[in-house]
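Data block below; observations after.
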There are 2 protein chains.
Amino acid sequence: MPTTGTGSRPGDPPGRTPAGTAAATPAGRARLNRDIVLRAAVDLADTAGIDAVSMRSLAAGLGVVPMALYKHVANKDELLDGMVEAVVGEIEPARRDEDWKASLRRQVLSARRALLRHPWAPAVIESRPAPTPRVLDHLDSVLATLRSGGLSVPLAHHAMHALGSRVWGFTQEVFPSAPPPEDPAQRAQLVAAMAARWPNIVESAAGAGHDATSTVGAGCDDQAEFEFALDLLLDGIERRHREGWTPAS
Amino acid sequence: MPTTGTGSRPGDPPGRTPAGTAAATPAGRARLNRDIVLRAAVDLADTAGIDAVSMRSLAAGLGVVPMALYKHVANKDELLDGMVEAVVGEIEPARRDEDWKASLRRQVLSARRALLRHPWAPAVIESRPAPTPRVLDHLDSVLATLRSGGLSVPLAHHAMHALGSRVWGFTQEVFPSAPPPEDPAQRAQLVAAMAARWPNIVESAAGAGHDATSTVGAGCDDQAEFEFALDLLLDGIERRHREGWTPAS
DNA sequence: ACCTTCAGGTGTACGGCGTACACCACGTCC
DNA sequence: GGACGTGGTGTACGCCGTACACCTGAAGGT
């Protein structure tokens, strides 16, 4: 039995479950936990589409009454967030044995494969008001790769946005749109906490015109980002044209 | 009668409303029509968010019972399609007095402005199973611009996809995912009908490996499209890096 | 002037959704 | 043995989209 890695809680009791079997209910069904619920939700979305993922039908598939799910996820939004986390967790992390371009390519294509395995995921990711931790992990990994190639902070930042729409769709903001705490000390603490896990994101935010300690969450200059990516594409298209590009096949 | 006679007052005598204005109901409310409904839906989405657009609240805002809306739109999906049409209709069409790159840039930025005015629109556009006519209009216009610059059909097609994610988000398929008719004659007629309005789209589909008369709707080689755009971006980023790019500001 | 027609608006009702709240069945620990 | 916490249950509420039958008033034919 695989250790339910993501679900381990501080209060995990030294669970005396006899003979290694999970405790069973009167009906003989294995006990639910958050991981089982999320996995079932992802499977249901994969096979029946995201619209089929209702608390009621998900519960039915697990042989349980709808309200039972609320013991494991706070509400449906948290369920969706958990599903996103599961999918994003499938993306390969950066490697260290490749140059930045190859590594980046691998990460983006890995992300694409993950999203193709779960076609409902892009829409769900975009519909979430704030990015989940693993989404930030991935973003940070991509930024780290760019920085490792010697790109400046602003260029890495722009490149991130340019690539973003390839990976995440129409994502415009990676930082939570919720306003940061008013109290400067509290805000600094928040930034520090983020920097511990996502150093490149914080660096990028700080270097792109928004002072991380004062305006995190203010968003960056979208228009400049957009035009950078647009001109990148236009220039590239023109270049391909000049070079007499023809389809590979 | 496109004149929306919104001026009727409750005190208006029933019977002959003056000078061709729309008839008023007993309550003095102007009669609904499809345009009024769609416009109200867009306004509601703009001001209260797309989640606030329910048939019930939309009807309430119009001073009407929910079921009254169904006399003007078949169902909620059609309402959403109509809202998309309204937004996409705001995009500036191509000009003829600019070179292809400038024209393209203008069109894309115009599309972006339209979508920024209606932030709910990208998600709705992507959620629709098939593109609406005006979406196809816009796509065709972009393709025409690329072709007018002398780009080959396949290159224009690839460029379209590369740019697509900038404008439409994660759009992967522009052709309806619904299977085309079985009967070859019927299919040929469908293609001909499409070619009349969207010649560049049909040309592009035909030139990109899928024979328009036999496999319209089969989709194109997504992976190749994706990698083309990805490498465009990667090469462009590398080039900016080599050139010592710094932010404009 | 009468009658028909019909587009537009109403009222009622149904099934599905997310979920608040009270409750109960356990296994665990003092 | 009793208190307690965890996980599952049952009921109920207020939203949602929309099917269906109905009404109403103006338009048009005769």
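Could you list, in sequence order, all residues of region B:58-67 that are within 12 Å of DNA strand D (Cβ to nearest atom) and either within 14 Å of chain A (Cβ to nearest Cβ) or surrounded by fewer than 15 Cβ atoms within 10 Å (Cβ to Cβ) (or both)?
B:Ala60, B:Val65, B:Pro66, B:Met67
All but one of (1) within 22 Å of A:Leu232 (Cβ to Cβ); (2) surrounded by 18 or more Cβ atoms within 10 Å (Cβ to Cβ); (3) modelled with pLDDT of 75 or more; (4) within 12 Å of chain A (Cβ to nearest Cβ) hold for B:Leu139, so report the exception by its number.
Every listed condition holds for B:Leu139 apart from (4).
One residue is enough: does region A:59-81 have a residue meeting the conditions among the acidic types (Asp, Glu), away from DNA strand C (no atom under 11 Å from the Cβ) and either within 19 Å of A:Ile125 (Cα to Cα) or at pLDDT 95 or above (or both)?
Yes, because at least one residue in region A:59-81 is among the acidic types (Asp, Glu), away from DNA strand C (no atom under 11 Å from the Cβ) and either within 19 Å of A:Ile125 (Cα to Cα) or at pLDDT 95 or above (or both).
Just wondering, is there one or more residues in region B:95-107 that are away from DNA strand D (no atom under 15 Å from the Cβ), among the small types (Gly, Ala, Ser), within 14 Å of chain A (Cβ to nearest Cβ) and on the phi < 0 side of the Ramachandran plot?
Yes, because at least one residue in region B:95-107 is away from DNA strand D (no atom under 15 Å from the Cβ), among the small types (Gly, Ala, Ser), within 14 Å of chain A (Cβ to nearest Cβ) and on the phi < 0 side of the Ramachandran plot.
With the condition kept exactly as written, say whether any residue in region B:142-149 is surrounded by 16 or more Cβ atoms within 10 Å (Cβ to Cβ) and within 11 Å of chain A (Cβ to nearest Cβ).
There is at least one residue in region B:142-149 that is surrounded by 16 or more Cβ atoms within 10 Å (Cβ to Cβ) and within 11 Å of chain A (Cβ to nearest Cβ).
Does region A:33-57 hold any residues that are farther than 17 Å from A:Gly89 by Cβ and either more than 14 Å from every other protein chain (Cβ to nearest Cβ) or within 11 Å of DNA strand C (Cβ to nearest atom) (or both), and which are they?
Residues satisfying the conditions are A:Leu44, A:Thr47, A:Ala48, A:Ile50, A:Asp51, A:Ala52, A:Val53, A:Ser54, A:Met55, A:Arg56, A:Ser57.
Taking helices (runs of 4 or more DSSP H) that fall entirely within region B:183-249, which contain at least 1 residues that are buried (at least 18 other Cβ atoms within 10 Å of the Cβ) and at pLDDT 65 or above?
B:184-197, B:199-207, B:222-242
Regarding region A:10-25, can at least one residue be identified that is surrounded by 10 or more Cβ atoms within 10 Å (Cβ to Cβ), of a type in the set (Val, Ile, Thr) and either closer than 17 Å to A:Trp120 by Cα or modelled with pLDDT under 60 (or both)?
Checking region A:10-25: at least one residue is surrounded by 10 or more Cβ atoms within 10 Å (Cβ to Cβ), of a type in the set (Val, Ile, Thr) and either closer than 17 Å to A:Trp120 by Cα or modelled with pLDDT under 60 (or both).
Go through (1) free of Cβ contacts under 8 Å to residues at least 24 places away in the same chain; (2) of a type outside the set (Asp, Glu); (3) in contact with a Phe, Trp or Tyr (Cβ under 8 Å, 6 or more places away or on another chain) and name the single condition B:Arg113 misses.
All conditions are met except number (3).
All but one of (1) touching a His at 6+ places or on another chain (Cβ under 6 Å); (2) modelled with pLDDT of 85 or more; (3) over 23 Å from B:Ala123 (Cβ atoms) hold for A:Arg95, so report the exception by its number.
Unmet for A:Arg95, out of (1) touching a His at 6+ places or on another chain (Cβ under 6 Å); (2) modelled with pLDDT of 85 or more; (3) over 23 Å from B:Ala123 (Cβ atoms): (1).
Based on this model, can you work out whether B:Ala41 counts as of a type in the set (A, V, I, L, M, F, W, C), modelled with pLDDT of 95 or more, under 17 Å from B:Arg128 (Cβ atoms) and surrounded by fewer than 13 Cβ atoms within 10 Å (Cβ to Cβ)?
When the stated conditions are applied, B:Ala41 does not pass them.
The values are calculated or read from the model by the stated rules, or taken from the named source; none is laboratory data. Note that the structure is predicted; figures quoted are calculated from it, not measured. Neighbour counts are summed over all protein chains in view; Cβ atoms, including those assigned to glycine, are modelled from backbone coordinates with ideal geometry.
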